[in-house]
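> I'd like to ask you about the structure that follows.
None of the figures in this text is laboratory data; all of them are computed from the coordinates on show. None of these values were measured; they are calculated from a predicted model. Counting neighbours? That spans all protein chains shown, and the Cβs are built from the backbone with ideal geometry, glycine included.
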Amino acid sequence: MDMKQHILAALREEFEQWEKLLDSMGAERIVAPYQPSAWSTKDDIAHLWAWQQRSNARVEAARLDREPAFPAWPIAVDPEAEGAAAQVNAWVFDTYHAQPWPAIYQQWRSGFLQLLEGAALIAERDLLNSDRYGWLGGYPLAFILVASYDHHHEHLEKTTAWLQGLEHKQANG
């Protein structure tokens, strides 16, 4: 298996793990806050989707051999700047927290599938070449895909740990 196929397989597996987990949770748990946090699994999925839009913009730009057209976020901070993530994440929460779960889920799911489909269309040599896309500042496009995997996996582990904690409380409680 070449590196491109390895990365895509890992992303597909992560997607399938999320799908399985979300299917097992039910809407009530998906929207329940992680106490004491106000965030829920729904909010995490909205957060993943918001950042995923930037990854999709990069993959689309690579496919079309142009500069990325990032989503127009109405916040006065460069999302790539050091320390900006907290501001962006607060904006994401404020913007999407009230949206219904089915809408959030569909946006995330469509975005993830778009990432997989778009990346599959890019030649492996272009994915791995750190000089191919100047707008990536010396990083290969594969870095964006791996970062998307890592970001999703970090939140998957957090959600799984939260669910295990709930089950432990219910069993002992």
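> Within the range 1-25, what residues put their amide N at less than 19 Å from the label point 7 Å along the Cα-to-Cβ vector of A120?
1-20
> Tell me which residues come under 5 Å, amide H to amide H, from I122 once H is placed; ignore anything under 5 positions away on its chain.
none
> For the range 126-135, just list the computed ³J(HN,Hα) in residue order, Karplus coefficients 6.51, -1.76 and 1.60, θ = phi - 60°, integers in Hz, with x standing in for Gly and Pro.
6, 5, 9, 7, 6, 9, 5, 10, x, 5
> S37 to A103: FRET efficiency via 1/(1 + (r/R0)^6), r the Cβ-Cβ distance, R0 22 Å, to the nearest 0.05?
0.55
> So, one more: Tell me, what ³J(HN,Hα) does each residue in the range 57-74 have, in order and in whole Hz, if you take phi through Karplus 6.51 cos²θ - 1.76 cosθ + 1.60 with θ = phi - 60° and put x for Gly and Pro?
Here the 3J(HN,Hα) series is 5, 5, 5, 4, 4, 5, 4, 9, 6, 8, 6, x, 10, 6, x, 7, 8, x Hz.
> Also, I was wondering about something else. Tell me which residues come under 5 Å, amide H to amide H, from S40 once H is placed; ignore anything under 5 positions away on its chain.
Those lying under 5 Å, H to H, from S40 are Y34.
> Apply the Karplus parameterisation 6.51 cos²θ - 1.76 cosθ + 1.60, with θ equal to phi minus 60°, to every residue of the range 36-52 and state each ³J(HN,Hα) to the nearest whole Hz, in sequence, with x for glycine and proline.
In residue order, the calculated couplings are x, 6, 7, 6, 10, 4, 4, 5, 5, 5, 4, 4, 4, 5, 4, 5, 4 Hz.
> Separate question: Where the only charges are on Cβ atoms (+1 Lys, Arg; -1 Asp, Glu), what is the dipole of the chain about its Cα centre, to the nearest 20 debye?
220 debye
> Top mean-square fluctuation among P140, P74, P102, Gaussian network model of the chain, C-alpha springs under 10 Å?
P74
> To one decimal place, what Kirkwood hydrodynamic radius in Å is obtained for the chain from all pairs of distinct Cα atoms? Intermediate values should be presented prior to the final figure.
Working: mean 1/r = 0.0581 Å⁻¹.
Hydrodynamic radius (Kirkwood, Cα pairs) of the chain is 17.2 Å.
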